[in-house]
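Colleague: What follows is a structure written as structure tokens; I'll ask about it next.
The values are calculated or read from the model by the stated rules, or taken from the named source; none is laboratory data. It should be emphasised that the depicted structure is a prediction, and the values quoted were computed from it without experimental measurement. Neighbour counts are summed over all protein chains in view; Cβ atoms, including those assigned to glycine, are modelled from backbone coordinates with ideal geometry.
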Amino acid sequence: MLVVASVLLVFLFTYPLLVLFEIGTTHVFSAFAVPSFVDSIGITLLIATIAAAISVVLGTPLGYVMARYEFKMKEVLDALIDVPIVIPHIVVGIMIVLAFSSDYGINGGVVDTVLGATLAVTYVSATYTIRVVQSAVSMLDPDIELTARTLGASQVVVFSRVTLPQIRRAMANGAILAWARSIGETGALLIVAYYVSFNGHLSTPASVYIYNSFIALGLNQAVKFSAAMVLVSLVIFVVYKSAIRALPDARR
């Protein structure tokens, strides 16, 4: 039963991917000859990388706090962290525009900018980093940190020199999950950053570019851009995951 269930899910993961590459492989490299598509990949990789970095820098402390401390309204904060997973991402885009580019909130003019696109994908992706770090910290023996505190180390020193080295793999995994989620975002970007100024002219994030290709040119044209984007994402993802596995285990 376990094997059957596993095989069915793996089939669901792999079959559509194989069909995509079977149809799109012959034209996948022609996609890279389209300058507008190359720009769309560039803007997507840029905002996804920035979002991953922000998720690690800000999400790691929050994940630590959620794992180590009990406080009032923790359940509320715990629910808020999962909000980006729960709500439709079209709604996320509307919220970002309302909050940062309208008279209702901070009118920072983030629509159709790298900043706005980064805010949108960070919102939908940071949860993954927080949860991965929280899980990793929960599995650490707190006595190690308590021992360091009794020896006179401050909380900041304990966090930076004792805890962080032990969860660096979790942080790296959280970063790549946030990056991958950012790469795949479409809904929020359709609202916040349909076009972005990049390389001196307007471009669209890759997911929006592929959506436009599907709407305007049809399935056959969208396939080659889809296959090209999946290829780029998979190569980066596999190389990064291999690098993570090569990291020495700090607990040894």
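Colleague: Report yes if residue 137 is surrounded by 18 or more Cβ atoms within 10 Å (Cβ to Cβ) and either within 23 Å of residue 175 (Cα to Cα) or modelled with pLDDT of 95 or more (or both), otherwise no.
Modeller: Criteria met by residue 137.
Colleague: Tell me yes or no: at least one residue of the stretch 115-137 is within 28 Å of residue 230 (Cβ to Cβ), part of a helix (DSSP H, G or I), free of Cβ contacts under 8 Å to residues at least 40 places away in the same chain and not hydroxyl-bearing (Ser, Thr, Tyr).
Modeller: Yes, some residue in the stretch 115-137 is within 28 Å of residue 230 (Cβ to Cβ), part of a helix (DSSP H, G or I), free of Cβ contacts under 8 Å to residues at least 40 places away in the same chain and not hydroxyl-bearing (Ser, Thr, Tyr).
Colleague: Continuing with this model, one more query. Condition test on residue 212, is it more than 21 Å from residue 127 (Cα to Cα) and modelled with pLDDT under 90? Give the derivation first.
Modeller: Details: more than 21 Å from residue 127 (Cα to Cα): yes; modelled with pLDDT under 90: no.
Spelling it out, it is not the case that residue 212 is more than 21 Å from residue 127 (Cα to Cα) and modelled with pLDDT under 90.
Colleague: Kindly indicate which of 150, 129 is modelled with pLDDT of 95 or more and among the polar types (S, T, N, Q).
Modeller: Of the residues listed, the single one that is modelled with pLDDT of 95 or more and among the polar types (S, T, N, Q) is 129.
The rows are residues; the columns are (1) free of Cβ contacts under 8 Å to residues at least 60 places away in the same chain; (2) in contact with a Leu (Cβ under 9 Å, 6 or more places away or on another chain); (3) not aliphatic (A, V, I, L, M).
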site	(1), (2), (3)
2	yes, no, no
5	yes, no, no
11	yes, no, yes
15	yes, no, yes
21	no, yes, yes
28	no, yes, no
33	yes, no, no
36	no, no, yes
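Colleague: Further question on the same structure: Of the numbered conditions (1) within 19 Å of residue 138 (Cα to Cα); (2) in a helix (DSSP H, G or I), residue 41 satisfies every one except a single condition; which is it?
Modeller: (1)
Colleague: Scan the stretch 95-119 for residues that are under 20 Å from the mean Cα position of the chain (by Cα) and farther than 15 Å from residue 196 by Cβ and jot them down.
Modeller: Residue satisfying the conditions is 95 alone.
Colleague: List pairs: first residue in the stretch 176-198 and closer than 12 Å to residue 51 by Cβ, second residue outside any helix (DSSP H, G or I) anywhere in the structure, Cβ distance under 7 angstrom, at least six positions apart or on different chains.
Modeller: Final answer for the pair search is 189/205.
So that you can scan it fast, the table gives a plain yes or no per residue for (1) within 19 Å of residue 233 (Cα to Cα); (2) among the aromatic types (Phe, Trp, Tyr):
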position	(1), (2)
133	no, no
147	no, no
194	no, yes
207	yes, no
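Colleague: Further question on the same structure: Just for helices (runs of 4 or more DSSP H) wholly inside the stretch 143-252: which have at least 3 residues that are surrounded by fewer than 15 Cβ atoms within 10 Å (Cβ to Cβ)? Write out each step before concluding.
Modeller: Working: elements: 168-183, 187-192, 206-217, 219-245.
Those helices (runs of 4 or more DSSP H) span 206-217, 219-245.
Colleague: Let me ask something else. Determine if the stretch 3-20 includes at least one residue that is in contact with a helix residue (DSSP H, G or I) (Cβ under 9 Å, 6 or more places away or on another chain), surrounded by 11 or more Cβ atoms within 10 Å (Cβ to Cβ) and either assigned to a loop (DSSP other than H, G, I, E, B) or at pLDDT below 90 (or both).
Modeller: Scanning the stretch 3-20, I find at least one residue that is in contact with a helix residue (DSSP H, G or I) (Cβ under 9 Å, 6 or more places away or on another chain), surrounded by 11 or more Cβ atoms within 10 Å (Cβ to Cβ) and either assigned to a loop (DSSP other than H, G, I, E, B) or at pLDDT below 90 (or both), so the answer is yes.
Colleague: Sticking with this structure for a sec: Of all the residues that make up the stretch 152-179, how many are among the hydrophobic types (A, V, I, L, M, F, W, C) and in contact with an Asp or Glu (Cβ under 7 Å, 6 or more places away or on another chain)?
Modeller: Matching residues across the stretch 152-179 total 2.
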